[in-house]
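First the structure, in the form of structure tokens, and then the observations on it.
The values are calculated or read from the model by the stated rules, or taken from the named source; none is laboratory data. Predicted, not measured: the structure shown is a model, and the values here were computed from it. Glycine also receives a Cβ, built like all others from the backbone with ideal geometry; neighbour counts cover every protein chain displayed.
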Amino acid sequence: MPQEDLSKLKIDKSDKKHVLAGRKKKPFVIATMLVLLIAGFLLYHAGIIAPTTTVDVTTVSMVYPSQSVSVLNASGYIVAQRKAAVASKMTGRLTALLVEEGSIVKKGQILARMESSDVAAAKDQVAANLANARALLKQARVERDNLQKDHSRYQKLIKDGYISQSEYDTVSTRYLRSQEAVKAASAAAESAAAALAGAEANLDYTLIRAPFDGVVLTKNADVGDIVTPLGASSTSKAAVVTLADMGSLQVEADVSETSITRIRVGQPCDIQLDALPDKRFRGQVHAIVPTVDRAKATVLVKVRFLGLDARMLPDMSAKVSFLSRELTSGELLPRLAVNKDALVSRDGKNIAYLVQDNKVRETAISVGDRLGDLQEVETGLKSGDRVVLKPKGLRDGAKIRVAER
């Protein structure tokens, strides 16, 4: 037993070895951790292992200053205020069509011809009747003039007592009858002349003319079709062409009845056409139609253009901005602008964070006028650039992820 107790008092040399090994490794671990911390710090500041930030972005674009003075926006369509479905007053077959869609025509220009042989023959007959009536009138005047001479001579003879009263009465009666014959012949000639004018008008009706200067929009009939004013038959055409006066184009826009008090006749407007998105047109409220569409609760407003473009066409869709004031000459052209929330001020400079792939680049810009919620950009950015909205806490080169909307 004593020997066993003594053996327990011996020191275990293996435990001492483990302690000494642990003490030797500790400085190495601490050094390694310090190196990793320093490397991480450097990599973080270099932007290599920087955390990704989710941001909202906006696009730099060209805008018109009119947006900042707009009191109301409405949509509508271009409508020709003078438009006509041109037809004939007579029924007949179309023998010639001298225009097509898009043709520019002048007032009185012949657009089409109808079959006219029967009308021309009727006109020739009336012209012959007129010639005959005029000949009869001339004959009646000659006879009247001769009887007038006889009447004057017989007046002297009866005054001197050389002829009887009955002889004088006979000559006087013939003279009076000749006067009435001249009146009748003259009336017949006038009637024939009127009939000829009507026949010429009927012949002219076979020539379909433009009622005003304009452009042919549609061709509704073709050579060989029967044209009739009423279009009663399914095979007949009431109109030959549809014509519009392109100088009478206006925008007809529907404005909510709750907002109509913001609009007045003569109010300046800014018009944008979907077909011509890169150009704006100046306009002015021409009329507010005094009726309300019950179904839509809107009032029709007509806006006239202050300058027309040859590319404008009826039924083009349009957007109208009703302005609080007339634009100055410097406000008629578009300007480069960005949302004011995309800018920050630093050391007296305006800074924007330009999105490039998945990082941002700090960009100094110069600004111009304030355009409502937008800020004009003079230099530093271009149209189409994307910048970060509310870039608080961002730095140059930071990794970002665009928020999904």
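Looking across the range 268-285, just one residue is assigned to a strand (DSSP E or B), surrounded by fewer than 19 Cβ atoms within 10 Å (Cβ to Cβ) and of a type in the set (Asp, Glu), and that is Asp278.
Taking the options Ala221, Ala188, name whichever one is in a loop (DSSP other than H, G, I, E, B) and either closer than 30 Å to Ala131 by Cβ or not assigned by TED's automatic domain parsing to the domain that holds Ala127 (or both).
Answer to the selection: Ala221.
Note on the range 303-325: residues that are buried (at least 19 other Cβ atoms within 10 Å of the Cβ) and in contact with a His (Cβ under 7 Å, 6 or more places away or on another chain) amount to 1.
Here the range 326-375 is the region considered, the condition is being of a type outside the set (Asp, Glu) and at positive phi, and the residue that is surrounded by the most Cβ atoms within 10 Å (Cβ to Cβ) is Gly372. Among (1) closer than 30 Å to Ala127 by Cα; (2) assigned to a helix (DSSP H, G or I); (3) of a type in the set (Val, Ile, Thr), there is one condition Val171 misses while meeting the rest; what is its number? Val171 satisfies every listed condition except (1).
Contact map, the range 252-264: first residue farther than 22 Å from Met316 by Cβ, second residue part of a loop (DSSP other than H, G, I, E, B), Cβ cut-off under 6 Å, separation 6 or more or different chains; pairs are Glu257/Ala297. When the strands (runs of 3 or more DSSP E) confined to the range 334-405 are screened for residues that are free of Cβ contacts under 8 Å to residues at least 60 places away in the same chain, those reaching at least 1 such residues are found at 344-346, 349-356, 359-371, 374-379.
Being at pLDDT 90 or above, buried (at least 18 other Cβ atoms within 10 Å of the Cβ) and of a type in the set (Gly, Ala, Ser): is that true of Ala80 here? Judged against the criteria, Ala80 is a match. Taken residue by residue, the range 337-353 has no member that is under 30 Å from Ser103 (Cβ atoms) and not hydroxyl-bearing (Ser, Thr, Tyr). Going through (1) in the same structural domain as Ala122 (by TED's automatic domain parsing); (2) in contact (Cβ under 8 Å) with a residue 40 or more places away in the chain one by one, Ile226 falls short only on (1). Considering Ala74, Ala128, the condition of being assigned by TED's automatic domain parsing to the domain that holds Asp315, among the small types (Gly, Ala, Ser) and out of contact with any Phe, Trp or Tyr (no Cβ under 6 Å at 6 or more places or on another chain) is satisfied by Ala74 alone.
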